[in-house]
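Participant: This is the structure I have questions about; it appears just below.
The values are calculated or read from the model by the stated rules, or taken from the named source; none is laboratory data. This one's a predicted model, so the numbers in the text were calculated from it and none came from an experiment. Every residue, glycine as well, gets a Cβ built from its backbone with ideal geometry; the counts of neighbours run over all protein chains shown. Note: areas computed on protein heavy atoms with side chains; ligands, DNA, RNA excluded. Shrake-Rupley method; radii C 1.70, N 1.55, O 1.52, S 1.80 Å.
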Amino acid sequence: MRRDYLFWLTATTSDMLSRAVWSLALPFVIFALTSSTATAGLVQSLGQIAYLCVMLLGGALVDRISRRTGMVVRGLTGMVLWIGFGVLVWTHLLNLWILIAIFLTAQLLDGLFGMADNAALRSIVHDDEQFVQVTGINQGREAAVRIGGGPIGGLLYALGAAVPFLVSGALLGLVIASAKAIRADLRPPVVAENRPEQRRGIVRSVAQGISFMWSQRIMRTLAITSLFINAAFSIVISTAMLGLLGAGYTALQLAYLETVYGVVMMLTAFVAARLVSRLPTGRLLIGAQLFMMVVAVGAAFWHSYAMLFLWLSLYGLVTPLFATSLSGYTFARTPDHLQGRVRSVAALLELSATMVIPAVAGWMVNSGHNTPSYLLGAVLALVGIIVVCVNPGARRLGPTRMWREDATENSLST
């Protein structure tokens, strides 16, 4: 398990680092072409919409093919697209419409195959306690990528606008090699055992994932809570980054903010799994969102470049806690043959609000309404708190060792 997990970790880390590098550089390329933060935010929202449009189909697809195949296809297509993007930037042949076409294609393919890696993890790690532990490790890995990914992306962009995209494509080549090195059988049970479910139509397959998610009262509530957590976090981050972009700050200066956030997040990630295993999950989520709401209010009134270091550092304290809780519970309580579909349903619900956040933040920043944009993040966090509080099962959700018991008591249809 350790060997396969290490290769899985290498593959997903390379994918995350690739994403961190091109994500930092892309708004600067758009801004260089259009001189508009609103356009930069709008293009990023279009990418989110494209991703979400195929997410349910992607979840069903991942549960019908080997997750290894999905990881390889994801790496190969991304490598071709981002290297091609870099070449166009380097040769000065890129325009806004070509940029949008490549970006949307990359997002569509990510939506179809991007969940294969997370679904594969359940085929490698089966025990619930171990799964929560590796989820905590994964949060630390994400923090490490933020620490290194931001400065690397900023430095590469300083070397040349095309360089981040060329490097992103090369990193996806490592995803392919690592996925092929995993020895575990990454086929979902319906494929490995040739179950009748494999022969079901794609619509029925997607419906099965939706039905399972909706029948789990706690899981459903946590997914809705995650929607508001992600939206609150996204509006604050988008407002901060687009505000600094419009004010003339460089890619490297934006990367420093990512680094500080990542350092604090990594420190918290070391204890996140232990805290989630010991503290009541419901109360932990309420406390984390309350903390996020306070931070958003602070950022609304004091959002200079120096103060943003403080606010993002505080965000880094709570991010691993709610991420470990939400992801850990969803994956731990989902059968292996439904991992792709349930994850896609949960992710669609979680991200349905964030797809418009970059466009909203870009418009508000472009109009000079930075303070209301930050306050919107506080309102969204407050709604997330209310969602947890009104559901007794979610509010009283205990630590890891009690998840199975809590799930059994609450797995009822409304």
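Participant: Right, Leu56: farther than 19 Å from Ile182 by Cβ, of a type outside the set (Phe, Trp, Tyr) and at pLDDT 90 or above or not?
Facilitator: When the stated conditions are applied, Leu56 does not pass them.
Participant: I'd like the residue in region 77-97 that is over 25 Å from the mean Cα position of the chain (by Cα) and open to solvent by 60 Å² or more (accessible area, probe 1.4 Å) and, out of all such residues, is nearest to Leu56 (Cα to Cα).
Facilitator: Filtering first and then ranking leaves Trp97.
Participant: Return yes or no: is Asn391 at pLDDT 85 or above and open to solvent by 10 Å² or more (accessible area, probe 1.4 Å)? Before you say what the answer is, go through the steps one by one.
Facilitator: On the way: at pLDDT 85 or above: no; open to solvent by 10 Å² or more (accessible area, probe 1.4 Å): yes.
The answer is no for Asn391.
Participant: Sticking with this structure for a sec: Based on this model, can you work out whether Val80 counts as of a type outside the set (S, T, N, Q) and in contact with a helix residue (DSSP H, G or I) (Cβ under 6 Å, 6 or more places away or on another chain)? Walk me through it before giving the result.
Facilitator: Values: of a type outside the set (S, T, N, Q): yes; in contact with a helix residue (DSSP H, G or I) (Cβ under 6 Å, 6 or more places away or on another chain): no.
No: the conditions fail for Val80.
Participant: Count, please, the residues in region 294-330 that happen to be over 30 Å from Met115 (Cα atoms), surrounded by fewer than 20 Cβ atoms within 10 Å (Cβ to Cβ) and of a type in the set (Gly, Ala, Ser).
Facilitator: So the count comes out to 3.
Participant: Okay, next question. What are the pairs, 6+ residues apart or on separate chains, where a residue within region 297-313 that is touching a residue at least 12 places away in the same chain (Cβ under 8 Å) has its Cβ under 6 Å from a residue that is open to solvent by 30 Å² or more (accessible area, probe 1.4 Å) and among the polar types (S, T, N, Q)?
Facilitator: Filtered contacts from region 297-313: Ala300/Thr371.
Participant: Here is a follow-up. Considering only residues that are over 18 Å from the mean Cα position of the chain (by Cα) and of a type outside the set (A, V, I, L, M), which ones fall in region 28-65?
Facilitator: If the condition is that a residue be over 18 Å from the mean Cα position of the chain (by Cα) and of a type outside the set (A, V, I, L, M), then Phe28, Phe31, Thr34, Ser35, Ser36, Thr37, Thr39, Asp63, Arg64 are the ones that fit.
Participant: Restricting to region 357-388, count the residues that are among the hydroxyl-bearing types (Ser, Thr, Tyr) and open to solvent by less than 20 Å² (accessible area, probe 1.4 Å).
Facilitator: Adding up the residues that qualify gives 2.
Participant: Name the residues in region 258-307 that are within 20 Å of Thr324 (Cα to Cα) and either outside any helix (DSSP H, G or I) or small (Gly, Ala, Ser) (or both), would you?
Facilitator: Of everything in region 258-307, those that are within 20 Å of Thr324 (Cα to Cα) and either outside any helix (DSSP H, G or I) or small (Gly, Ala, Ser) (or both) turn out to be Gly262, Ala269, Ala272, Ala273, Ser277, Leu279, Pro280, Gly282, Gly287, Ala288.
Participant: Does region 225-236 contain any residue that is in a helix (DSSP H, G or I) and either surrounded by fewer than 21 Cβ atoms within 10 Å (Cβ to Cβ) or in contact with a Lys or Arg (Cβ under 8 Å, 6 or more places away or on another chain) (or both)?
Facilitator: Taking every residue of region 225-236 in turn, none turns out to be in a helix (DSSP H, G or I) and either surrounded by fewer than 21 Cβ atoms within 10 Å (Cβ to Cβ) or in contact with a Lys or Arg (Cβ under 8 Å, 6 or more places away or on another chain) (or both).
Participant: Something else: Give region 166-194 a look and list any residue that's modelled with pLDDT under 80, closer than 30 Å to Leu349 by Cβ and open to solvent by 70 Å² or more (accessible area, probe 1.4 Å), or say none. Even if it seems obvious, please write down each step before you answer.
Facilitator: Restricting attention to region 166-194, the residues satisfying the condition of being modelled with pLDDT under 80 are 188-194.
Next, only the ones that are closer than 30 Å to Leu349 by Cβ stay: 188-193.
If the condition is that a residue be modelled with pLDDT under 80, closer than 30 Å to Leu349 by Cβ and open to solvent by 70 Å² or more (accessible area, probe 1.4 Å), then Glu193 is the only one that fits.
Participant: Against the conditions (1) among the aliphatic types (A, V, I, L, M); (2) out of contact with any Asp or Glu (no Cβ under 8 Å at 6 or more places or on another chain); (3) at pLDDT below 85, where does Ala119 fall short? Just the number, please.
Facilitator: It fails just one condition, (2).
Participant: Given the options Thr105, Thr69, name the one that is closer than 19 Å to Arg183 by Cβ and open to solvent by 40 Å² or more (accessible area, probe 1.4 Å).
Facilitator: Of Thr105, Thr69, the one residue that is closer than 19 Å to Arg183 by Cβ and open to solvent by 40 Å² or more (accessible area, probe 1.4 Å) is Thr69.
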